[in-house]
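Reading through the structure tokens given below for one structure.
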Amino acid sequence: MADTTLFGRLRRLFSTNVIVRNVGGRKLKIADTDQIQTQVKSHLVDRYSKLHSNLDLVGTGYSTVHQVMAARLALFKDYESMDSDSIISSALDIYSDESTMKSEYGDVLKIQSDNENIKEILHNLFYDIMNIEFTLWPWVRNMCKYGDFYLYLDVSEKYGITNVIPLSPYEVVRAEGEDPENPYYTKFYLESIEGAHPYLGQNNPQSQGKSIEFENFQVAHFRLTNDSNFLPYGKSMMESARKTWKQLTLMEDAMLIHRIMRAPSKRVYKIDIGNIPPNEVDNYMQRIINKMKKTPFLDENTGEYNLKYNIQNLTEDFFLPVRGGDSGTEINELGGLDYDSTDDIEYLKNKMLASLRVPKAFLGFDENVGGKATLAAEDVRFARTIERIQRIVISELTKIAVVHLYSQGYTDEELVNFDLELTNPSTMYDQEKVELWSSKVSLARDMVSDKILPTEWVYDNIFNFSDEEKDIVRKQIIDDQKDKFRHEQIEQEGNDPKDSGESVGTPSDMQSGGGFDEDSSSGSVFKDEGGSPEGGFEGAGRPKEANKYGKESGARGRNPLGREDLKPRNKKSKFTSPLALAHYDALKKSMGSRATELISEEKKIDEVSKEYNEYKEDKTKK
């Protein structure tokens, strides 16, 4: 029967160290809490046996785990000595300082999530329970120093992680591959060197003198996995500088010894021995030396040391007997020797700084610093080193967050619905990104404005957008225009069209008489609903034909400009009747003096009747 307790479920969750969750559709989100995807676990070279041949324990009855632990302890001994060096100690401090910088909002760790509840829970975990504003700095420093840092997670059901306890890398053993059915199964063993662990062994009588076993979810293992030969442990940032540091230490010691022994000036005493026989010269010179030198005296009864001693180091001086032409006692000064091997020391120091990847200008060896705000701003390559360290820290912080959320009941896609980010210290690194985007935007603008290439080509080749991303961008541009219109309405008219559903002062609004509703012609840009009902609106369709100019239906009648009234009566026009001339003359004679006037009126009546009939026919057809 499966273990349904919290620890049993957490053990199954972290059985492979890779947490996969479906976040919608066919999209998966993976939390590689142990960096499984970056490691190579086959065909490794045992560098420990090469570096420490005297620690070869094969055939002695000790396991490989103890052999590796012995080799690691030898490395840790060198790391402790290297940490006492001023240059390396400053480099470790710089790693921690740059990796744990605060953002412009004062946050060491930035938490992003679509779920506000998850964001608040993780903020409480990292800032209140773990207190990373103060504890993250020494954690990063120890990880860079030893290559590994272990953090015990005190997990309780319903509440999650309630406390964290740092563990010494001297005492923790990481065991992998103990379960043949699951090659990714990982356990940790705490083998306290001084008996019971001060925090974990007091309440456990069975752990006295024995190792304490932890599951994978109980320990957060921060490790620098940049060299597969050191797996399953990390590689220290100082490992590449270890050999150079030893050489530099020897050269510096040699320089100090030379300066102490050779640099001080000495005296040459030329003592006139006169006519002393040669066989008595040595005794005479010894008597002279003893008179000039006071021997220190130690009282055996009181133990007091007699300080009446000539501080001049007479044992290093030269006493030369002279006679004959060079007779006469004389004391000369003999200068010390100069040490000319500082170039070798400078070479080794530069080599060590190169392996540490820290620009020497910020360790006090170069005056031309340039007034930069941060170290990474001076050297972008160092910023990439800091970014790599931050990614490793984020990986383990993600594991801690997953354990905390799972203990509080979050599962499925909500378990990985968050992103953690540390502040990048490099301002120049960000400036390069900004300049790159500025160049792309300027190039795209020129291509579109000069009509050299279409917008679709710019999206595909300059910004490398997919079809889905292009649709999203176009929709967001429309949303921006809506927001722009809304802001203009609020600023100029004091009206929020999203709330009121009205636009004030726009051309469509002024044409419609002010204001509009959902049924108005202007409509609302903030409403996605639209379109006509099935069958169309009442009265909708093709508009009526407009009135004809110069006809009776026109706005000013059939003679809008009065041209027909200005034409001479004897000239024919379009109003001239097609009556025969004989009939016209006979009709004119019978009507008397008003014949012309009456005939013109009759012609006009006939014309109006004709136009009216045409109008009725057109209306009937429609």
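Worth pointing out:
To keep it simple, each residue is scored yes or no on (1) over 18 Å from D114 (Cβ atoms); (2) assigned to a loop (DSSP other than H, G, I, E, B); (3) open to solvent by 10 Å² or more (accessible area, probe 1.4 Å); (4) among the basic types (K, R).
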site	(1), (2), (3), (4)
T398	no, no, yes, no
V402	no, no, no, no
L405	no, no, no, no
L415	no, no, no, no
E421	no, no, yes, no
E432	yes, no, yes, no
E435	yes, no, yes, no
K440	yes, no, yes, yes
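- Residue satisfying condition, being within 26 Å of R357 (Cα to Cα), modelled with pLDDT under 75 and acidic (D, E), within set D93, D85, D78, D34: D34
- Of the criteria (1) under 30 Å from I260 (Cβ atoms); (2) modelled with pLDDT of 75 or more; (3) open to solvent by 80 Å² or more (accessible area, probe 1.4 Å), which one L298 fails: (2)
- Lone qualifier among N424, N417 - being at pLDDT below 90, under 30 Å from G160 (Cβ atoms) and within 15 Å of the chain's Cα centre (by Cα): N424
- Tabulated pairs, the stretch 155-184, first under 28 Å from R72 (Cβ atoms), second assigned to a loop (DSSP other than H, G, I, E, B) and of a type in the set (S, T, N, Q), C-beta under 6 angstrom, 6+ apart or interchain: E171/S192; N182/S15; Y184/T16; Y184/N17
- Identity of the residue in the stretch 142-156, hydroxyl-bearing (S, T, Y), within 16 Å of I400 (Cα to Cα) and modelled with pLDDT of 90 or more, that ends up surrounded by the most Cβ atoms within 10 Å (Cβ to Cβ): Y150
- Here Y159 fulfils each of the conditions (1) at pLDDT 90 or above; (2) more than 28 Å from T385 (Cβ to Cβ); (3) hydroxyl-bearing (S, T, Y) apart from (1).
- All positions within the stretch 100-143 that are more than 25 Å from M237 (Cα to Cα), among the basic types (K, R) and not in a helix (DSSP H, G or I): K110
- Subset of the stretch 73-86 [in contact (Cβ under 8 Å) with a residue 12 or more places away in the chain and either in contact with a Cys (Cβ under 8 Å, 6 or more places away or on another chain) or closer than 24 Å to L136 by Cβ (or both)]: F76, Y79, M82, D83
- Residues that are at pLDDT 75 or above, touching an Asp or Glu at 6+ places or on another chain (Cβ under 7 Å) and open to solvent by 50 Å² or more (accessible area, probe 1.4 Å) occur in the stretch 268-280; there is at least one.
- Selection status of T135, free of Cβ contacts under 8 Å to residues at least 40 places away in the same chain and touching a Ser or Thr at 6+ places or on another chain (Cβ under 7 Å): no
- Residue within the stretch 57-69 that is over 20 Å from Y233 (Cβ atoms), in a strand (DSSP E or B), at pLDDT below 85 and β-branched (V, I, T) present: no
The values are calculated or read from the model by the stated rules, or taken from the named source; none is laboratory data. Since we're looking at a predicted model, the values are computed, not measured. In this analysis, Cβ positions are derived from the backbone assuming ideal geometry, glycine residues included, and neighbour counts consider all displayed protein chains. Surface areas here come from the heavy atoms of the whole protein model, side chains and all, with no ligands, DNA or RNA. Shrake-Rupley method; radii C 1.70, N 1.55, O 1.52, S 1.80 Å.
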